[in-house]
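Chemist: Encoded as C-alpha cells, here's the structure I'll be asking about.
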Amino acid sequence: MKKTSYRFTAPKAPRLSKDFFANRRAEFVKKLPANSVAIIVTGPERTRSNDTEYAYRPSSDVLYLSNFGEPECVLAFVKGKEDSRFIMFVRPKDKMREIWTGIRHGVDGAQNEFGADEAYTIDEFEKVIAPLVDEADTVLYRLGRNEHLDSRFNTVWSKTQKPLGNPEEILHEMRLFKTAHEIDIMRYAGKISAQAHVEAMRLSRPGLMEYQLQASLESVFRFNGADYPAYTSIVGGGNNANILHYIENRAELQDGDLVLIDAACEYQGYASDITRTFPVNGKFTPAQREIYEVVLASQKAAIAMTKPGVRLMDIHETASNLLRKGLVGLGILPKTHLTAEGEKKAIEAWQKKKEAAKTGSAASSAAKKGAGKKAGSKSAAASASEQEPLRLFDFYMHGTSHWIGMDVHDVGTYGTRSQKGKKRPLKPGMVFTVEPGLYIAASETRVPAKYRGIGIRIEDDVAVTAKGFEVLTADVPKEVDEIEAVMADGRKHCEHVEAVFAGRSGNR
Ligand code: GLY
Ligand code: MN
Ligand code: MN
C-alpha cells in the first residue's frame, strides 16, 4: 500500500491531437444530409453576481468538434455537392480585452490552430451564413442552446424557412460511442478522481468539516491538471447522505457516522463520476457494514454482467434485485418483496385491506352514532393496516446508470421513443455509471433504529469493451477491509505529521 500522499502520483496525461478533431469533423460531415449546412453554437457566458462570471465551460458539442474553448463561437459545416467546408466564427482579437481576460485566438488562430477552412469574427455571422442557408437544401440548427445566437440565426433563417434539422441527432449518437483515445482520457480522469477519493479517506476523522474533505478532493483534481469538478461535489456526513444531491457540505463529520462522497473531475472536457461511502472514523459499525455489503454486492454484480448486448435496464434490474435480497435478509423488507412483482402484489393486498378497514370502520362508527354513542377510537383493523408497508423505492429512489462522457449525464438516447426503459443494447465504446445505493432516513421509524441515518452509494464508471467491460475508476477501494486499511494508514500518516509539527513547536 502506498504510504505517501496520493496527490504526487499522477500518471502521464494523454491528450487529443488536432488530427483527432479533424477526423471527427470529417465523420460528422459524412453523416450530414446532402447539400446542407449545419450550425453549432456554444453556450453563453453566465453572470454569477454583479460583474463576475462563472468560469466559462464551452458547449460539449463545440468542444467535441473543435476543441475551441472561447465563448461567442459558432461552427458551421457546409456540405456541398462536391466538397465541404468548416467555418468558424470567433471573437475578434482585442488588445485591451486580452490584457484583462486572456488571449483570444481570433480568426487567424481559428484557421491555424483549430483547422477552420474559413474563419470570421462573430459579428459577421448573419452576413456569412445568409447565402449558405439560401443555397442549402437542409439547415441543421438546434434552437435553445444560446438565446442570443438563436435570435441572430432566426433573422436569417426566417427569410427562407428552409427545412430545419437537428444536428444533435447526429452528434449525440457519435458522442455516445467513445474511441480508444477518448477512453484514455476518461481513464485518466478516473485515475485523478480515484486518487482524490483515496486522499479523502486518508484525511477523514471526526471533527473535520464536510467542506474540508471537499477542499481536499478538489485540490487533488486541480493539482493533477483537471479543469473543474465534473459536477458540484457532494460530501454528506451521517444523515446528509440521504439527500441525494446534498451540496451544502457545511456540517461537521461525527464519530460513528458514515460519510458519502460523490465527487469527480473533468479532464480535457471528459467527466468522471465516483461515489464512495466510508466511516468517518475509519471503522464500519456492524450495522453500517451490513448495509454497505448489500450495496457493494449489488454494485459488483451489476458491473460484472456488463458486455455487448446487455441493456442498462437489465443492469438496473440485477442491482435492484440484489438490494431487495439484502434488505429482506436484514429484515428491513418483508419476504414478499424479493421481486418487484412480489412487492407490487403485497402493496395491492395492503391497499385492499386498508379500503376494507375504512369501509368497516365507517360502518361501525355509523352504527355507533346510530346507537347514540360517541364514535370511539379507530378500530383494530384500521390501525393494523395504517402503517404503509415499505417498498424498495423508499430506500432506492434513483436509477442505476447513466451515460457518461463530455457531460456527466451524457447525451445519447437510451432506447427508441416507443420503448419504455433503458432498452438499448450495449455496444463497445459506450461508457456508463453503475451506482446503486440505499438511503435510510434518520426519521424512518419502520426500520430498526440501528440502521436509521445510514445512506450509502457506491459508483464507478464502466466502459463496454468487445468482450466485456473495463472499470475506469477502479483505483479507489470499495471493499470494507481495503477501505479500513487505507484509512488506518492515512491516520498513521496524519498522526506522524502532527507529531513532527508538535515536536518542532516544542523545540522553539
Ligand atoms: N454525480 C451525479 C450522479 O451520480 O449522477
Ligand atoms: Mn452518476
Ligand atoms: Mn455521482
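The values are calculated or read from the model by the stated rules, or taken from the named source; none is laboratory data. Being a predicted model, the structure only gives us computed values, none of them experimental. Here the Cβ is made from the backbone with ideal geometry for all residues, glycine too, and neighbour counts use every protein chain on show.
Chemist: I'd like to check something: does segment 299-310 contain any residue that is out of contact with any helix residue (DSSP H, G or I) (no Cβ under 6 Å at 6 or more places or on another chain) and farther than 30 Å from T416 by Cα?
Modeler: Within segment 299-310, not a single residue is out of contact with any helix residue (DSSP H, G or I) (no Cβ under 6 Å at 6 or more places or on another chain) and farther than 30 Å from T416 by Cα.
Chemist: Out of all the residues in segment 200-235, which are crowded, with 21+ Cβ neighbours inside 10 Å and acidic (D, E)?
Modeler: E210
Chemist: Of the residues A215, A194, which single one is at pLDDT 95 or above, within 16 Å of ligand 3 (Cβ to nearest atom) and either part of a loop (DSSP other than H, G, I, E, B) or among the small types (G, A, S) (or both)? If you could, list the steps in order and put the result at the bottom.
Modeler: Working: A215 fails: within 16 Å of ligand 3 (Cβ to nearest atom).
That would be A194, the only listed residue that is at pLDDT 95 or above, within 16 Å of ligand 3 (Cβ to nearest atom) and either part of a loop (DSSP other than H, G, I, E, B) or among the small types (G, A, S) (or both).
Chemist: Within segment 410-426, does at least one residue satisfy the condition of being within 16 Å of ligand 2 (Cβ to nearest atom), modelled with pLDDT of 95 or more, of a type outside the set (A, V, I, L, M) and surrounded by fewer than 22 Cβ atoms within 10 Å (Cβ to Cβ)? Walk me through how you get there before you give the answer.
Modeler: First, pick out the residues of segment 410-426 that are within 16 Å of ligand 2 (Cβ to nearest atom): 410-412, 414, 422.
Adding the requirement that they be modelled with pLDDT of 95 or more leaves 410-412, 414.
Filter once more, keeping what is of a type outside the set (A, V, I, L, M): 410, 412, 414.
Narrowing further to those that are surrounded by fewer than 22 Cβ atoms within 10 Å (Cβ to Cβ): 412, 414.
Yes, segment 410-426 contains at least one residue that is within 16 Å of ligand 2 (Cβ to nearest atom), modelled with pLDDT of 95 or more, of a type outside the set (A, V, I, L, M) and surrounded by fewer than 22 Cβ atoms within 10 Å (Cβ to Cβ).
Chemist: Shifting gears a bit: Would you confirm whether any residue within segment 152-169 is more than 20 Å from the chain's Cα centre (by Cα) and at positive phi?
Modeler: yes
Chemist: From the list G429, G455, which residue is at pLDDT 95 or above, buried (at least 17 other Cβ atoms within 10 Å of the Cβ) and within 16 Å of ligand 1 (Cβ to nearest atom)? Quick ask: steps written out before the conclusion?
Modeler: On the way: G429 fails: within 16 Å of ligand 1 (Cβ to nearest atom).
Answer to the check: G455.
Chemist: For the structure I just gave you, tell me whether G490 is touching a Lys or Arg at 6+ places or on another chain (Cβ under 6 Å), buried (at least 21 other Cβ atoms within 10 Å of the Cβ), modelled with pLDDT under 95 and among the small types (G, A, S).
Modeler: Values: touching a Lys or Arg at 6+ places or on another chain (Cβ under 6 Å): yes; buried (at least 21 other Cβ atoms within 10 Å of the Cβ): yes; modelled with pLDDT under 95: yes; among the small types (G, A, S): yes.
Yes, satisfied.
Chemist: On the basis of being outside any loop (DSSP other than H, G, I, E, B), closer than 30 Å to F221 by Cβ, in contact (Cβ under 8 Å) with a residue 12 or more places away in the chain and touching a Gly at 6+ places or on another chain (Cβ under 6 Å), does R202 make the cut?
Modeler: Working: outside any loop (DSSP other than H, G, I, E, B): yes; closer than 30 Å to F221 by Cβ: yes; in contact (Cβ under 8 Å) with a residue 12 or more places away in the chain: yes; touching a Gly at 6+ places or on another chain (Cβ under 6 Å): yes.
Criteria met by R202.
Chemist: Where in segment 436-502 are the strands (runs of 3 or more DSSP E), entirely inside, with at least 2 residues that are in contact with a Ser or Thr (Cβ under 7 Å, 6 or more places away or on another chain) and within 16 Å of ligand 2 (Cβ to nearest atom)? Lay out the reasoning, then the answer.
Modeler: Working: elements: 437-440, 454-457, 460-464, 469-471.
Hits in segment 436-502: 454-457, 460-464.
Chemist: When segment 252-269 is examined, which residues are found to be farther than 19 Å from G282 by Cβ, in contact with a strand residue (DSSP E or B) (Cβ under 8 Å, 6 or more places away or on another chain) and not acidic (D, E)? Show your work before the answer.
Modeler: Just the residues of segment 252-269 that are farther than 19 Å from G282 by Cβ, to begin with: 262-269.
Among the residues that remain, those that are also in contact with a strand residue (DSSP E or B) (Cβ under 8 Å, 6 or more places away or on another chain) are: 262-266.
Matches in segment 252-269: A263, A264, C265.
Chemist: What number goes with the only condition from (1) within 16 Å of ligand 3 (Cβ to nearest atom); (2) among the polar types (S, T, N, Q); (3) more than 20 Å from the chain's Cα centre (by Cα) that T433 does not pass?
Modeler: (3)
Chemist: OK, next. Of the conditions (1) part of a helix (DSSP H, G or I); (2) at pLDDT below 95, L16 satisfies every one except a single condition; which number is it?
Modeler: In the conditions (1) part of a helix (DSSP H, G or I); (2) at pLDDT below 95, L16 misses (1) alone.
Chemist: Of all residues in segment 407-424, which are among the charged types (D, E, K, R) and either closer than 28 Å to T232 by Cβ or not in a loop (DSSP other than H, G, I, E, B) (or both)? Quick ask: steps written out before the conclusion?
Modeler: Here is the first cut: in segment 407-424, the residues among the charged types (D, E, K, R) are 407, 410, 417, 420, 422-424.
Matches in segment 407-424: D407, D410, K422.
Chemist: Considering segment 458-498 alone, what residues qualify as being in contact (Cβ under 8 Å) with a residue 24 or more places away in the chain, away from ligand 1 (no atom under 16 Å from the Cβ) and closer than 14 Å to E293 by Cβ?
Modeler: Residues satisfying the conditions are E479, V480, I483, E484.
Chemist: Which condition breaks for M186 when tested against (1) touching a strand residue (DSSP E or B) at 6+ places or on another chain (Cβ under 7 Å); (2) at pLDDT below 95; (3) not basic (K, R)?
Modeler: Looking at each condition in turn, M186 falls short on (2).
The rows are residues; the columns are (1) among the acidic types (D, E); (2) surrounded by fewer than 17 Cβ atoms within 10 Å (Cβ to Cβ); (3) within 16 Å of ligand 1 (Cβ to nearest atom).
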{"position": "G237", "(1), (2), (3)": "no, no, no"}
{"position": "H245", "(1), (2), (3)": "no, yes, yes"}
{"position": "P286", "(1), (2), (3)": "no, yes, no"}
{"position": "R289", "(1), (2), (3)": "no, yes, no"}
{"position": "L296", "(1), (2), (3)": "no, no, no"}
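Chemist: Evaluate the following for G225: is it in a loop (DSSP other than H, G, I, E, B), away from ligand 3 (no atom under 16 Å from the Cβ), touching a residue at least 60 places away in the same chain (Cβ under 8 Å) and among the small types (G, A, S)?
Modeler: Numbers: in a loop (DSSP other than H, G, I, E, B): yes; away from ligand 3 (no atom under 16 Å from the Cβ): yes; touching a residue at least 60 places away in the same chain (Cβ under 8 Å): yes; among the small types (G, A, S): yes.
Against the criterion (in a loop (DSSP other than H, G, I, E, B), away from ligand 3 (no atom under 16 Å from the Cβ), touching a residue at least 60 places away in the same chain (Cβ under 8 Å) and among the small types (G, A, S)), G225 qualifies.
Chemist: Which of the residues that make up segment 154-190 are over 20 Å from L426 (Cβ atoms) and assigned to a loop (DSSP other than H, G, I, E, B)?
Modeler: Passing the criteria: Q161, K162, P163, N166.
Chemist: Of everything in segment 247-265, what is buried (at least 24 other Cβ atoms within 10 Å of the Cβ) and either on the phi > 0 side of the Ramachandran plot or within 15 Å of ligand 3 (Cβ to nearest atom) (or both)? Give them in sequence order.
Modeler: V259, L260, I261, D262, A263, A264, C265, listed by residue number.
Chemist: While we're looking at this one, here's another question. Is at least one residue of segment 216-230 acidic (D, E) and touching an Asp or Glu at 6+ places or on another chain (Cβ under 7 Å)?
Modeler: At the first step, the residues of segment 216-230 found to be acidic (D, E) are 218, 227.
Still in the list and also touching an Asp or Glu at 6+ places or on another chain (Cβ under 7 Å): 227.
There is at least one residue in segment 216-230 that is acidic (D, E) and touching an Asp or Glu at 6+ places or on another chain (Cβ under 7 Å).
Chemist: Within segment 388-406, does at least one residue satisfy the condition of being at pLDDT 95 or above, away from ligand 1 (no atom under 16 Å from the Cβ) and in contact with a strand residue (DSSP E or B) (Cβ under 7 Å, 6 or more places away or on another chain)?
Modeler: Yes, segment 388-406 contains at least one residue that is at pLDDT 95 or above, away from ligand 1 (no atom under 16 Å from the Cβ) and in contact with a strand residue (DSSP E or B) (Cβ under 7 Å, 6 or more places away or on another chain).
Chemist: Continuing with this model, one more query. Within segment 387-404, can you find the residues that are farther than 14 Å from A441 by Cα and within 16 Å of ligand 2 (Cβ to nearest atom)?
Modeler: Listed by number, the residues that qualify are H398, G399, T400, S401, H402, W403, I404.
Chemist: Taking segment 225-235 as the region of interest, how many residues are in contact with a strand residue (DSSP E or B) (Cβ under 6 Å, 6 or more places away or on another chain) and either on the phi > 0 side of the Ramachandran plot or more than 10 Å from ligand 1 (Cβ to nearest atom) (or both)?
Modeler: Count: 4.
Chemist: Scan the strands (runs of 3 or more DSSP E) fully inside segment 235-328 and keep the ones with 1 or more residues being more than 17 Å from R202 (Cα to Cα), touching a residue at least 24 places away in the same chain (Cβ under 8 Å) and of a type in the set (D, E, K, R). Steps first, please.
Modeler: Working: elements: 258-262, 265-267, 275-279.
So the answer is 265-267.
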